[in-house]
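This report refers to the structure that appears directly beneath it.
We did not get these values from a lab; they are worked out from the coordinates using the rules stated. Values in this document were obtained by computation on a predicted structure and should not be read as measured data. No Cβ is skipped: glycine too gets one built from the backbone with ideal geometry, and neighbour counts run over all protein chains shown.
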Amino acid sequence: MSNENVLDKLAINEIKTQSDYLADKIKDMIVSRELDEGFVFPNENDFCKRLNVSRGTLREAYKILDTQGFIRRTKHGTYLKKREDIAKQGNFVASLELADEDEMVEFVCALEPDAAFLAAQKASGDDIKKLEELMDACEKVGNDWHALLEKNYDFHAYIREMARNNLITSALIAYYDIFNQQIIENIYMENEDVDEFRENSLMQHREMVEAIKKHDAEKAKTIELKHLRDDIDFRESRKKNK
């Protein structure tokens, strides 16, 4: 069988089942914190009647949520896990979905500078050339904040790629879209009060490229941390002034 025919087997030919839909709805309530930590789900018979579903549908939904790490099933009932327990059990994806903004900020400030550190240590001539091109692309977009947001994303994504550490890359990719939506997109908007901020951000990009070119890992790490903190502090100042 050819590779193309093998890939055809991955086609999705069915819609979501009731259990998939129910699991998604329950997870939405968990992530939005409509259900408190430690919440005990009702007796299965009562819950099935309330939801108008079969016991098989409910149990399959529970199985999905259990696999994803959100609930614990015991002989005495089904419970919503505490966030700390989810983290201790090493379920990163579930922890990410449940993270609040402060946790997200602490996470990025812990890992992103280390990615810059490794990038500076490992950067090749081709890496530096491409990073300079990405930096130039950031500077050429002018006041088009949509384009700047996109180019800024590409610039930092390539630094993470240059780190050549699959664990760090995987963890950062998992969180970055959420961080980008919650923090960065709210900054790079078309407003007069961010012109100075944008220029400072681009200057830090230049400093970062120079540090990486010199393989100065500590300086690259310091610049990246300041870059992040400036983003976060600027957003906080704008929120207070609204």
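Here are some notes:
- Label-to-label distance, Asp46 versus Leu167, with points set 7 angstrom from Cα along the beta-carbon direction: 4.6 nm.
- Simple Cβ-charge dipole of region 99-241, Lys/Arg +1 and Asp/Glu -1, about Cα centre, in debye nearest 20: 540
- Normalising the average separation of contacting C-alpha pairs (under 8 angstrom, six or more residues apart) by the number of residues puts the relative contact order of the chain at 20 percent.
- Per residue, the convex hull spanned by the Cα atoms of region 99-241 measures out at 91 cubic angstrom.
- Between amide H atoms placed 1.01 Å from N, distances below 5 Å from Phe39 occur with Leu80, all of them 5 or more places distant or on a separate chain.
- Within the chain, helix-based [θ] at 222 nm, where runs of 4 or more DSSP H residues each add -39,500 (n - 2.57), nearest 500: -22500 deg cm²/dmol
- Computed packing ranks the peptides 150-160, 34-44 as 150-160, 34-44, most packed first, by mean other Cβ atoms within 10 Å.
- Diffusion coefficient (Stokes-Einstein, Kirkwood radius over C-alpha pairs, 4 °C, 1.567 mPa s) for the chain: 62 µm²/s, rounded to a whole number.
- Entries in Lys82/Lys226; Lys151/Lys221; Lys16/Lys82; Lys122/Lys151; Lys49/Lys82 that, when Cα-Cα distance is taken, lie over 30 Å: Lys82/Lys226
- Computed Kirkwood radius, in angstrom, where 1/r is averaged over Cα pairs of region 17-88: 12.3
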